[in-house]
Amino acid sequence: MRKELRIGGFGGQGVLMCGIIIAKAASLYDNMFAVQTQSYGPEARGGASRTEIVISDETVDYPKVEHPEIFVAMSHEALIKYIDDISQGALLLVDPDLVYLDEIQDIIDDKKLTCYTSDATRQAQDEIGLKIVANIVMLGSFVKATGLISEESARKAILDSVPKGTEDMNIKAFEQGMKIVEKIN
């Protein structure tokens with residue numbers, strides 16, 4: 001089993017942290033192999049950024065993501081910039097407040113994508129009280145939609161990764177994300 005995934009958003013959304021947590025959960029707690037890479041434009045905060053993760057049950061000998069089977073889009077700019085090489089039949093998870101699926105309906109149809117939504121940014125603001133945890137809300141939605149990593153390993157990786165004193169808030173954000181994910185096709 002080898003799964004390639006990409007998370008895209010704009011700098012400052014915590015996209016890279018989300019990828020690190022997924023890779024950590026897979027490799028440290030689910031006993032799989034994982035490689036995480038990242039890239040962002042020179043503008044960093046505000047510009048498109050992405051993280052890519054390869055998860056496998058065997059040693060990862062080639063860490064590059066060529067055709068992601070899972071793409072999490074937290075901004076429309078990142079979706080447009082990074083969707084070209086998505087696999088046929090891939091899973092697409094988006095924040096519908098920041099990504100406009102109707103603008104890529106041709107790609108969805110042509111690639112036969114399975115689409116999920118998670119209003120992570122709105123939930124982070126309204127339910128948790130801090131927009132900064134939208135990445136962790138999206139992580140919860142990712143875990144629920146894909147089943148690629150276990151809930152238990154994700155919780156452990158979150159607790160290992162977030163700043164001390166924010167653990168409870170981040171676990172609450174993760175749990176909220178698992179509740180709100182919706183399959184739309």
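The values are calculated or read from the model by the stated rules, or taken from the named source; none is laboratory data. These figures come from a predicted structure and were not determined experimentally. Ideal geometry is used to build each Cβ from the backbone, glycine not excepted, and the neighbour counts take in all protein chains shown. Side chains are part of the model used for accessible areas, which takes the heavy atoms of the whole protein and leaves out ligands, DNA and RNA. Shrake-Rupley method; radii C 1.70, N 1.55, O 1.52, S 1.80 Å.
Odds and ends about this structure:
- I180 vs. criteria more than 21 Å from E4 (Cα to Cα), of a type outside the set (F, W, Y) and in contact with a Ser or Thr (Cβ under 9 Å, 6 or more places away or on another chain): yes
- Residue under evaluation V99, criteria (1) at pLDDT below 95; (2) closer than 15 Å to T146 by Cβ, criterion not met: (2)
- Top-ranked residue of region 161-185 - restricted to ones that are under 16 Å from I20 (Cα atoms) and polar (S, T, N, Q), ranked as surrounded by the most Cβ atoms within 10 Å (Cβ to Cβ): N170
- Here I158 does not qualify as open to solvent by less than 70 Å² (accessible area, probe 1.4 Å) and more than 14 Å from the chain's Cα centre (by Cα).
- Some residue of region 77-85 being in contact with a His (Cβ under 7 Å, 6 or more places away or on another chain) and more than 28 Å from D160 (Cβ to Cβ): yes
- Selection of region 1-38 for residues being among the basic types (K, R) and closer than 24 Å to L79 by Cβ yields R2, K3, R6.
- Test: residue in region 147-154 that is at positive phi, modelled with pLDDT of 95 or more and either open to solvent by less than 40 Å² (accessible area, probe 1.4 Å) or not basic (K, R) (or both): yes
- Any hit, region 97-112, residues being open to solvent by 30 Å² or more (accessible area, probe 1.4 Å), among the basic types (K, R) and within 19 Å of A23 (Cβ to Cβ): no
- Exclusive hit being of a type in the set (D, E, K, R) and in contact (Cβ under 8 Å) with a residue 12 or more places away in the chain, set K164, K172: K172
- Residue in region 4-16 that is on the phi < 0 side of the Ramachandran plot and either among the basic types (K, R) or free of Cβ contacts under 8 Å to residues at least 24 places away in the same chain (or both) present: yes
- Selection of region 15-61 for residues being at pLDDT below 90, in contact with a strand residue (DSSP E or B) (Cβ under 9 Å, 6 or more places away or on another chain) and either among the small types (G, A, S) or not in a strand (DSSP E or B) (or both) yields S39, G41, E43, A44, G46, G47, A48, S49.
- A search for C-beta distances below 6 Å between a residue of region 105-116 that is of a type in the set (S, T, Y) and any residue that is crowded, with 16+ Cβ neighbours inside 10 Å, counting only pairs 6+ apart in sequence or on different chains, returns T114/L91; Y116/L93; Y116/A145; Y116/V181.
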